[in-house]
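> Following this message is one structure expressed as structure tokens.
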Amino acid sequence: MTLTNRNAMRKSDLREANQRLLLNIIRQHPVSRADIVRITGFSASSVTFVVNRMIKQGLLSESRSAGPAQVGRRPLLLRLQPGSLLAAGVEIARSEARVAIADVNGVILKQRTVPWHPDHHIFLVRVRETIRGLVATLASGRLLGVGVSLAGTIDRTAGHVVAAENLGWLDVDAGSILSHGSAEPFYFENDAKSRALAERWFCPPGAKQLDNFVFVALRPGLGTGVISDGRLLHGAFGAASEFGHTSLYPDGRRCVCGGIGCWEEYAAQRSLERLYCEKRRAAHQPQSDPAGTDVDEIIRLARNGSPLALDVLREIATYLGMGFLNLNAAFDPEAIVVGDYLASAWDLMKDWVWETMRARTAQQHLSHLRIIPSIHGNDSALKGALALVLSDFFTEYAPPAAKSTPRKTAHSRRSH
Ligand SMILES: [Zn+2]
């Protein structure tokens with residue numbers, strides 16, 4: 001490559017980066033050209049050049065604001081055309097895989113499910129064909145990439161699943177099977193981490209975007225994803241924030257990870273369901289379902305005043321509170337965002353969780369902390385997969401020191 005070519009590359013890379021930065025500013029709320037000049041410090045001529053090009057490409061529209069004019073005419077505002085840039089998301093779980101195409105706001109435009117198959121190769125080929133089938137139906141829009149979220153130890157770049165105990169997968173080359181023959185970039189991530197990203201990326205309009213928080217996934221194991229200073233924490237080898245496998249009790253239960261007394265064995269969904277069965281047996285109450293009672297039923301029973309179900313939720317709340325104190329001590333987060341059964345039953349369990357925490361630490365350590373149920377419900381992991389693609393494409397406006405380093409091959413370790 002000649003020096004001239006290299007310089008040309010740099011110039012086009014810079015232009016692309018500026019375009020993505022402008023797109024991200026406009027994505028968050030409509031702005032005028034003058035606003036962009038003020039926010040970015042770019043020259044008016046540079047902004048005009050990039051904005052005109054994006055309007056020509058169909059990425060932006062420009063129209064007058066709807067509200068009453070303050071002084072003179074209402075300003076011309078730039079808006080992102082939501083369907084112009086698309087992302088595909090794949091959530092892989094033991095029951096099925098969900099595949100979706102969404103716009104830049106995370107609005108799901110098309111969705112399919114792929115039933116689980118015990119042969120991972122057959123299953124993943126079916127997922128791949130489903131992705132292709134959905135992409136083929138797109139009449140317009142540019143597909144930015146495909147995000148894949150699963151509960152397991154996964155190489156973020158190649159998509160190699162080192163271990164996903166919940167799926168029964170060990171050493172599975174999911175990335176190469178899924179991306180075989182595709183031109184689009186693929187992104188892979190552990191589910192708790194991708195769900196943390198979804199909370200930040202798909203922030204409700206008007207709400208403050210969280211820069212320092214921990215997402216706690218509780219189904220079926222306990223995983224945590226940490227956003228620190230606006231960035232997902234991976235650690236040196238991608239295995240950061242495995243708080244589900246930190247020890248609560250020295251002589252506690254044996255965990256699926258091989259450890260003893262892990263937090264996951266006390267507070268995850270399967271732990272809650274197991275505790276309910278144990279307490280019911282101890283109380284000599286008949287069990288109608290030989291497979292056990294699932295968490296939705298336990299929450300329903302608790303809402304109906306079942307002393308046994310309430311007793312179980314109260315005990316689990318204690319374990320949750322203990323773990324949350326550890327998260328608070330480790331990360332000093334502004335919030336802990338909770339998913340799965342705890343989001344569903346937060347109104348029932350929150351007082352017990354806070355009671356545990358207040359009894360075990362000084363109030364000043366908790367004065368700034370909030371615990372918030374996730375707003376994404378069952379779509380959390382799917383939104384996480386979409387956020388992997390979108391957050392990589394759009395460039396966040398931040399001081400140079402806070403900008404992300406280039407992607408490296410790394411293992412994102414399992415949670416469940
Ligand atoms: Zn463990």
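> If you go through region 340-390 one residue at a time, how many are part of a helix (DSSP H, G or I), of a type in the set (Ser, Thr, Tyr) and free of Cβ contacts under 8 Å to residues at least 60 places away in the same chain? Break it down stepwise before answering.
Just the residues of region 340-390 that are part of a helix (DSSP H, G or I), to begin with: 340-344, 346-360, 363-365, 377-390.
Add one more test, that the residue is of a type in the set (Ser, Thr, Tyr), and what stays is 341, 344, 356, 380.
Within this subset, residues satisfying the condition of being free of Cβ contacts under 8 Å to residues at least 60 places away in the same chain are 344, 356.
Here the count works out to 2.
> Also, quick follow-up: Using the structure shown, decide if residue 309 is touching a residue at least 24 places away in the same chain (Cβ under 8 Å), assigned by TED's automatic domain parsing to the domain that holds residue 368 and buried (at least 18 other Cβ atoms within 10 Å of the Cβ). Steps first, answer last, please.
On the way: touching a residue at least 24 places away in the same chain (Cβ under 8 Å): yes; assigned by TED's automatic domain parsing to the domain that holds residue 368: yes; buried (at least 18 other Cβ atoms within 10 Å of the Cβ): yes.
The answer is yes for residue 309.
> Where residues in region 72-125 are in a strand (DSSP E or B) and of a type in the set (Val, Ile, Thr), which of them is most open to solvent (accessible area, probe 1.4 Å)?
Within region 72-125, the subset in a strand (DSSP E or B) is 76-80, 85-92, 96-103, 108-115.
From what is left, the residues that are of a type in the set (Val, Ile, Thr) are 90, 92, 99, 101, 108, 113-114.
Details: 90: 1, 92: 10, 99: 2, 101: 2, 108: 50, 113: 82, 114: 6 Å².
The selected residue is 113.
> Exactly one of these conditions fails for residue 377: (1) open to solvent by 20 Å² or more (accessible area, probe 1.4 Å); (2) closer than 30 Å to residue 230 by Cβ; (3) modelled with pLDDT of 95 or more. Give me its number.
(3)
Results for (1) farther than 30 Å from residue 209 by Cβ; (2) surrounded by 18 or more Cβ atoms within 10 Å (Cβ to Cβ); (3) modelled with pLDDT of 95 or more, shown as yes or no for each residue.
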{"position": "278", "(1), (2), (3)": "yes, no, no"}
{"position": "283", "(1), (2), (3)": "yes, no, no"}
{"position": "286", "(1), (2), (3)": "yes, no, no"}
{"position": "305", "(1), (2), (3)": "yes, no, yes"}
{"position": "315", "(1), (2), (3)": "yes, no, yes"}
{"position": "334", "(1), (2), (3)": "no, no, yes"}
{"position": "338", "(1), (2), (3)": "no, yes, yes"}
{"position": "354", "(1), (2), (3)": "no, no, yes"}
{"position": "359", "(1), (2), (3)": "yes, no, yes"}
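> Could you check region 141-164 and list, in sequence order, the residues that are of a type in the set (S, T, N, Q) and either within 19 Å of residue 89 (Cβ to Cβ) or part of a helix (DSSP H, G or I) (or both)?
149, 157
> Within region 181-226, can you find the residues that are of a type in the set (S, T, N, Q) and in contact with a helix residue (DSSP H, G or I) (Cβ under 8 Å, 6 or more places away or on another chain)? Even if it seems obvious, please write down each step before you answer.
First, pick out the residues of region 181-226 that are of a type in the set (S, T, N, Q): 182, 190, 194, 209, 212, 224.
Listed by number, the residues that qualify are 182, 194, 209, 212, 224.
> If we keep just the residues of region 224-276 that are among the hydrophobic types (A, V, I, L, M, F, W, C), away from the ligand (no atom under 16 Å from the Cβ) and more than 23 Å from residue 343 (Cβ to Cβ), which is most open to solvent (accessible area, probe 1.4 Å)?
The extreme case among them is 237.
> In the list 210, 167, which residue meets the criterion of being in contact (Cβ under 8 Å) with a residue 60 or more places away in the chain, assigned to a loop (DSSP other than H, G, I, E, B) and over 23 Å from residue 96 (Cβ atoms)?
210
> All but one of (1) farther than 24 Å from residue 118 by Cβ; (2) of a type in the set (A, V, I, L, M); (3) within 16 Å of the ligand (Cβ to nearest atom); (4) surrounded by fewer than 21 Cβ atoms within 10 Å (Cβ to Cβ) hold for residue 207; which doesn't?
In the conditions (1) farther than 24 Å from residue 118 by Cβ; (2) of a type in the set (A, V, I, L, M); (3) within 16 Å of the ligand (Cβ to nearest atom); (4) surrounded by fewer than 21 Cβ atoms within 10 Å (Cβ to Cβ), residue 207 misses (3) alone.
> Checking the condition away from the ligand (no atom under 16 Å from the Cβ) and free of Cβ contacts under 8 Å to residues at least 24 places away in the same chain, which residue from 300, 314 passes?
Matching residue, one of 300, 314: 300.
> List pairs: first residue in region 242-255 and touching a residue at least 60 places away in the same chain (Cβ under 8 Å), second residue of a type in the set (Lys, Arg) and more than 9 Å from the ligand (Cβ to nearest atom) anywhere in the structure, Cβ distance under 8 angstrom, at least six positions apart or on different chains.
Listed by first residue and then by second, the contacts come to 242/413; 242/414.
> If you don't mind, another one. Looking at (1) in a helix (DSSP H, G or I); (2) exposed (fewer than 15 other Cβ atoms within 10 Å of the Cβ); (3) within 15 Å of the ligand (Cβ to nearest atom), which one does residue 192 not meet, given that it meets all the others?
(2)
The values are calculated or read from the model by the stated rules, or taken from the named source; none is laboratory data. Source: prediction; values computed, not measured. As a convention, Cβ positions derive from the backbone with ideal geometry for all residues, glycine included, and neighbour counts pool all protein chains shown. Please note that ligands, DNA and RNA were not included when accessible areas were found on the heavy atoms of the full protein model with its side chains. Shrake-Rupley method; radii C 1.70, N 1.55, O 1.52, S 1.80 Å.
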